[in-house]
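What follows is one structure encoded as C-alpha cells, with my remarks underneath.
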Amino acid sequence: MTSHVLIADSVSDPSSGIWFAVPGGFTELPLDVVLAPPASAEANRLREALTPLVEAIPDGVTRQQFVAQLASSQQLLLALREVGTVHCSLGVHRDDVEGGSGRILHSLFTVSWRDIAWSPRAVSAARAVATAEQHSHIEYLDLPSGPASMGETVRTPAPESGLPPTPLLQAYAYLPHPDCKRMAVLMMSTPELERREQYREILQQIAELTSFESPLADA
C-alpha cells in the first residue's frame, strides 16, 4: 500500500460542495464515461485509458480478474449513480504489507450524496450506522469537517444480480454536511477481506482529509 497522497481534481471545482484527497494507486473513473453505451465515443476513450493499466498487470489470471471486477463495478456504479454517487476511483495496489503475497489488490472508492431529515450533525452520523443493515465495526469520529461515523458490511451478490458470487467488504464513512440536510457517504468496496484493516485505514484517512469548504477559499 502506497502512502503518498494525491489531491483530487475537485479541488479546483467551486461547484463540488465536497473536497477530498485519496492515496496513490487510485485512478478516477468519470461516471459519464464508465457508464457510457458500449459503441459510444466515451466508451472508446475509457478503453484507451484503461489499456495501459490492464497491460501493466503481468499475470494473465490477475488481468482477467481485474477486467471481470471492472465489469462488475460498472453494474454497481449504475445502481450507485441512481442514489447520488458523484465520484468513483479504482484502486490497484500491490499486497506488500508484512506477510503479503505481493499480488495485485483491487478496490473501488465512491463518494455519494444522500438527502436526510434535519437533525444535529452528530445525531445524523450516529443514526446512519445505527439504522443501516448488518453494519459492524461501528466507530464514531470527530473529524476536522465535523462529526462522522464509520461501519462496514460483508455482502455476497445474489445469483440473480449477474455478479460473481464473491464476498465483498464494503466500508462506509458517513459525513453529515454543515447544512444538516444532506450527508456525504464515502464507501470503499473490495473482495480482499483479509486486508480489511488496511482498507479501513485508507477510508479513514480519506475521511479525515475531506472538507465541505474549498481548501483554496482563502488562497
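Observations
- Computed FRET value (nearest 0.05) for E28 with H137, which takes r as the C-beta separation and R₀ as 35 Å: 0.85
- Difference of contour (0.36 nm per residue) and Cα-Cα distance, R155 to S119: 10.0 nm
- Spin-label model, E48/R196: points 7 Å from Cα along the beta carbon direction are separated by 4.2 nm.
- Overall shape: prolate for region 91-153, with the ratio a/c of the largest to smallest alpha carbon gyration tensor axis at 1.5 or above and a/b above b/c.
- In this label model, T166 and K181 are separated by 4.1 nm, measuring between points 7 Å along each Cα→Cβ vector.
Throughout, read-outs are computed from the coordinates displayed, never taken from laboratory work. What you are looking at is a predicted structure, and each value in this text was computed from that prediction instead of being measured. Quick reminder, even Gly has a Cβ in these numbers, built from the backbone with ideal geometry, and neighbours come from all protein chains shown.
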